[in-house]
1. Kindly indicate whether any position in the range 1-23 is free of Cβ contacts under 8 Å to residues at least 40 places away in the same chain and either small (Gly, Ala, Ser) or in contact with a Gly (Cβ under 8 Å, 6 or more places away or on another chain) (or both).
2. Of all residues in the range 43-57, count the ones that are under 17 Å from Ile31 (Cα atoms) and open to solvent by 80 Å² or more (accessible area, probe 1.4 Å).
3. Could you say whether any residue in the range 50-70 is over 16 Å from Arg19 (Cα atoms) and among the basic types (Lys, Arg)?
4. List every residue pair whose Cβ atoms sit under 8 Å apart, with the two residues 6 or more apart in sequence or on different chains, where the first one lies in the range 35-58 and is free of Cβ contacts under 8 Å to residues at least 24 places away in the same chain and the second, anywhere, is in a strand (DSSP E or B) and open to solvent by 90 Å² or more (accessible area, probe 1.4 Å).
5. Checking Asp72 against (1) closer than 15 Å to Leu4 by Cβ; (2) open to solvent by 60 Å² or more (accessible area, probe 1.4 Å); (3) without any contact (Cβ under 8 Å) to a residue 24 or more places away in the chain: exactly one of these is not met. Which one?
6. Go through the range 80-93 and give me each residue that's among the hydroxyl-bearing types (Ser, Thr, Tyr) and open to solvent by 40 Å² or more (accessible area, probe 1.4 Å).
7. Can you list residue pairs whose Cβ atoms sit under 9 Å apart, with the first residue in the range 94-105 being buried (at least 20 other Cβ atoms within 10 Å of the Cβ) and the second being of a type in the set (A, V, I, L, M, F, W, C) and assigned to a loop (DSSP other than H, G, I, E, B)? Count only pairs 6 or more apart in sequence or on different chains.
Amino acid sequence: QVQLVESGGGLVQPGGSLRLSCAASTFTFSIYAMRWYRQAPGKERELVAQVSSAGGRTYADSVKGRFTISRDNAKNTVYLQMNSLKPEDTAVYYCNAVYFQNQYWGQGTQVTVSS
């Protein structure tokens, strides 16, 4: 069983930045693909960014050029650096770990972009 704990959410003005962190409780963190999802009120959960076990990164078109996902295998942590935030980025952000059929979720952290 893998536990994921997100942190770093909060209230930020449009154009601002936040960095989300997700700490995993597993000795085999490096084998997992790590993802960030988000879910806005009344909308479906969407994939925002992914970093594979090999370090390859993919992004949703809506965040390309603004968000950066990274991982530190020594700290069992994945990050999401979010710059140039927009009101439409407001959502609960979830960390997700995947290894074949095994999948784990964090509890989510709220990000609110508002003036």
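The values are calculated or read from the model by the stated rules, or taken from the named source; none is laboratory data. Just so it is clear, the structure is predicted and the values come from calculations on it, not from any experiment. All Cβ positions, glycine included, derive from the backbone under ideal geometry; neighbour counts span all protein chains shown. Heavy atoms of the whole protein, side chains included, go into the accessibility calculation; ligands, DNA and RNA do not. Shrake-Rupley method; radii C 1.70, N 1.55, O 1.52, S 1.80 Å.
1. Scanning the range 1-23 turns up no residue that is free of Cβ contacts under 8 Å to residues at least 40 places away in the same chain and either small (Gly, Ala, Ser) or in contact with a Gly (Cβ under 8 Å, 6 or more places away or on another chain) (or both).
2. Of the residues in that region, 2 qualify.
3. Yes, that holds for at least one residue.
4. Sorted first by the residue in the range 35-58, then by its partner, the pairs are Gln50/Arg57.
5. (2)
6. Listed by number, the list holds a single entry, Ser84.
7. From the range 94-105, the pairs are Ala97/Val2.
Residue by residue, here is whether (1) more than 12 Å from the chain's Cα centre (by Cα); (2) closer than 18 Å to Gly10 by Cα holds:
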position: Pro41; (1), (2): yes, yes
position: Gln50; (1), (2): no, no
position: Ser53; (1), (2): yes, no
position: Tyr59; (1), (2): no, no
position: Lys64; (1), (2): yes, no
position: Val92; (1), (2): no, yes
position: Phe100; (1), (2): yes, no
position: Thr112; (1), (2): yes, yes
